[in-house]
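Please read the structure below before turning to the comments.
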Amino acid sequence: MAEISYRELLATIARLVAATSAEAQAAEQRRARIEAKATESHAVIGRLTELDFDEDTKRDIGTIAANFTGQARGAVEAANAARDLNVGAQDAADTVQKNHGGIHSAVQSAPVAPAKNTAYTRL
């Protein structure tokens, strides 16, 4: 197993936090777009009914609306999963800082050169 320095670990976790945050935002935006399409499709069905359109046309638009509603549910699940993933990445960052930040600081400020552990000081 390859060694990783404390700095490398922090940088990797920071990239994971940023990536998972971007995924959560993108998933939320997709959910909002799909829900808007579903709402619009349901409104079209209402207008078609008011204009006395045939049942086949209303059923076809209803199928589209139902598909958008199903996609919206999936997008909600994806957005929730992305948010959970981001929370996990942030928790990992907090844990690394809590469990190793003090060690890193102590090693960096150690008055005795041999006391410095290369896993914490290696670039």
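The values are calculated or read from the model by the stated rules, or taken from the named source; none is laboratory data. Quick caveat, the model's predicted, so the values are computed rather than measured. Methodologically, a virtual Cβ is constructed for each residue, glycine included, from the backbone with ideal geometry; neighbour enumeration extends over all protein chains shown. Surface areas here come from the heavy atoms of the whole protein model, side chains and all, with no ligands, DNA or RNA. Shrake-Rupley method; radii C 1.70, N 1.55, O 1.52, S 1.80 Å.
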*asked:* Is it the case, given these coordinates, that A93 is open to solvent by less than 50 Å² (accessible area, probe 1.4 Å), aliphatic (A, V, I, L, M), at pLDDT below 70 and within 14 Å of L9 (Cα to Cα)?
replied: no
_Residue list for region 61-80, filter: of a type in the set (A, V, I, L, M, F, W, C) and either open to solvent by 70 Å² or more (accessible area, probe 1.4 Å) or farther than 9 Å from E35 by Cβ (or both)_ = I61, I64, A65, A66, A78, A79
*Answer with yes or no whether V76 is at pLDDT below 90, β-branched (V, I, T), in a helix (DSSP H, G or I) and in contact with a Leu (Cβ under 8 Å, 6 or more places away or on another chain).*
no
*Check I13 against each of (1) of a type in the set (V, I, T); (2) under 23 Å from H100 (Cβ atoms); (3) more than 15 Å from the chain's Cα centre (by Cα) and name the one condition it does not meet.*
(3)
*If you scan region 44-86, which residues turn out to be closer than 30 Å to A14 by Cα and acidic (D, E)?*
E77, D84
_Evaluation of A22 against (1) open to solvent by 80 Å² or more (accessible area, probe 1.4 Å); (2) part of a helix (DSSP H, G or I) (one fails), failing number_ = (1)
